[in-house]
Each structure stands twice: as structure tokens, then as C-alpha cells.
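Values quoted throughout were computed directly from the atomic coordinates according to the rules given, and no laboratory measurement underlies them. Since we're looking at a predicted model, the values are computed, not measured. Cβ sites come from the backbone with ideal geometry, for glycine too, and all protein chains shown count toward neighbours.
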Amino acid sequence: MPISDKSTKRTDQADNAAEAMTQEAQEALRSAKAFADDVSVTAKEAINTSRMATSNAVHKAQEGIKAVERELSPSIDDLAAKAQELASRSISFCAENSERARRQFQNATEVTTRYVVEQPGKSILLAAAAGAAIATAFLMGSRRR
């Protein structure tokens, strides 16, 4: 075999090898692209599934909160009504007792004034005795300290 035939044969073999490698590379590229497409589709499906799961969880949480509100609302309304009633009764009680105390003080003032007018001598003696008793109590209290 002459050298040129060997050279041509080697060139053909090299060309065949290069073409086989190109085909293998193209097949690897198609396979990689198909794999990347599959991964992309799977990732999109996972994202959509996660979004749906999150949406469902939020929806369930909102339903739970609404259920708790519905359950507690009557209790809160009842407590508010009881607090309002208690406040009203307390205001009425204070007003009644204030009026009663005012009437008793006015009555005591009238009785005292009448007694002083009717019994001026006794009134002076009683006032002096009361003053002396208060002064004695005050002096005894200040000595003990």
C-alpha cells in the first residue's frame, strides 16, 4: 500500500471518528437538554404544588380564626353587657348613697342647730367638754411618740 493510500485511509478514519464524536456530542447535548427540560417542568410542578399547599394552609388558618371569632363573639358580647350593667349599677349605687349621706348630714345640721337654739347653756358645756376631750387625746397621743 502506498503512502498516499495510508494517508487517505487515516484521514477517512479521522473524519469518521470526528463525525462519530460530533454525533455523540449532539446526542449528549439533546440528552442534557431533555434532562434540563424535565428538571424545569418538575421544578415548576413543585412550585405550583407548594403554592397550592400554602394557599390551602392560609385558607384553613383563616377559617380557623373565623371559627374562633364566631365562638368567642357571644362570650365577648356577654361580658361587655355584664360590664355595662355593673357600671350602671355602680353609678346608681354611688348616686343613691351620696344623696342619702347629703340628707343625713343636712338632718344632723338641722337637729344640732335646733338643739343649740333651744339649749344654749348645755350646748356650750357640751362643746367645751368635747374640745377638752379632743385636746386631751391629742396631748396623750403626742407624748407617746
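Between Arg144 and Asp15, full extension at 0.36 nm per residue minus the direct alpha carbon distance yields a gain of 33.7 nm.
A DSSP coil position with no more than 15 other Cβ atoms inside 10 Å describes none of the trypsin sites (Lys or Arg not before Pro) in the range 1-82.
From the P(r) of the chain, can you give the percent of Cα pairs sitting at distances over 26 Å? Of all Cα-Cα distances in the chain, 77 percent exceed 26 Å.
The modelled label-to-label distance between Ala25 and Lys44, using points 7 Å beyond Cα along the C-beta direction, is 3.0 nm. Using just its DSSP H runs of length 4 or more, each adding -39500 (n - 2.57), the chain gives a mean residue ellipticity at 222 nm of -37000 deg cm²/dmol after division by all residues. Each of Ser92 and Ala128 was given a label point 7 Å from its Cα along the Cα-to-Cβ line. The distance between the two points is 5.3 nm.
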